[in-house]
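Q: Structure below; questions to follow.
Quick note: the coordinates plus some simple rules give every number you see, no bench work behind them. From a predicted model like this one, the values you see are computed outputs, not experimental measurements. Methodologically, a virtual Cβ is constructed for each residue, glycine included, from the backbone with ideal geometry; neighbour enumeration extends over all protein chains shown.
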Amino acid sequence: MKNLKGALLAAGITGAVALSGAVLIAPHEGKVNEVYLDPANILTSCYGHTGKDLKPGMKFSDDECLDQLVVDLSEHNRQLLSVVKVPLSEGEHAAYLSFVYNVGIGQFRKSTMLGNLNEGFRVSACNQLSRWIYIKGKESNGLRTRRAAERKMCLKDIQP
């Protein structure tokens with residue numbers, strides 16, 4: 001199987017952010033080498049890949065899953081950087097990349113979190129992650145765990 005860090009670097013995502021982001025994303029997304037319905041009933045494959053290219057019954061090799069992750073991370077990173085107006089620490093970048101990967105840029109774009117971040121309220125922005133733990137109005141233990149990890153990563157380089 002291809003090296004995850006090497007594949008991410010080749011896609012133009014910096015090593016530290018790629019590694020930190022992948023460490024947050026991969027375990028929380030898990031890896032399923034076929035198309036399945038996620039808890040929100042969205043067709044999904046591999047490391048949380050979604051899109052119109054997926055059809056029920058499709059199967060993927062480990063390398064194909066890695067390729068999907070690299071493409072998805074690169075696209076989500078581009079989207080993230082297009083709306084953030086302040087320099088990010090490594091931890092913030094990895095945390096917000098994981099968040100955008102999970103909920104999408106549209107939700108992030110209209111969030112209080114992004115508003116706080118772009119206004120320079122970095123700690124408040126990181127703390128907003130803890131609010132995003134619901135799927136269709138129901139609290140999710142998996143999202144609570146993921147958001148706690150993202151928040152910890154987000155705050156690691158910030159001085160209160």
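Q: Say we look at region 113-160 and pick out the residues that are touching a helix residue (DSSP H, G or I) at 6+ places or on another chain (Cβ under 8 Å) and among the aromatic types (Phe, Trp, Tyr); which of these is surrounded by the most Cβ atoms within 10 Å (Cβ to Cβ)?
A: TRP132
Q: Checking LYS110 against (1) surrounded by fewer than 14 Cβ atoms within 10 Å (Cβ to Cβ); (2) of a type outside the set (Ser, Thr, Tyr); (3) more than 30 Å from GLN159 (Cβ to Cβ), which test does it fail?
A: LYS110 satisfies all of (1) surrounded by fewer than 14 Cβ atoms within 10 Å (Cβ to Cβ); (2) of a type outside the set (Ser, Thr, Tyr); (3) more than 30 Å from GLN159 (Cβ to Cβ) except (3).
Q: Return the only residue of LEU97, LEU80 being among the hydrophobic types (A, V, I, L, M, F, W, C), closer than 18 Å to GLY30 by Cβ and within 12 Å of the chain's Cα centre (by Cα). Steps first, answer last, please.
A: Numbers: LEU80 fails: closer than 18 Å to GLY30 by Cβ.
Among LEU97, LEU80, only LEU97 is among the hydrophobic types (A, V, I, L, M, F, W, C), closer than 18 Å to GLY30 by Cβ and within 12 Å of the chain's Cα centre (by Cα).
Q: Please list, ordered by residue number, the helices (runs of 4 or more DSSP H) wholly in region 51-124 having 1 or more residues that are more than 18 Å from ALA22 (Cβ to Cβ), without any contact (Cβ under 8 Å) to a residue 40 or more places away in the chain and of a type in the set (Ser, Thr, Tyr). Break it down into steps so the answer makes sense when it comes.
A: Numbers: elements: 62-83, 90-103, 105-109, 112-118.
Here the list reads 62-83, 112-118.
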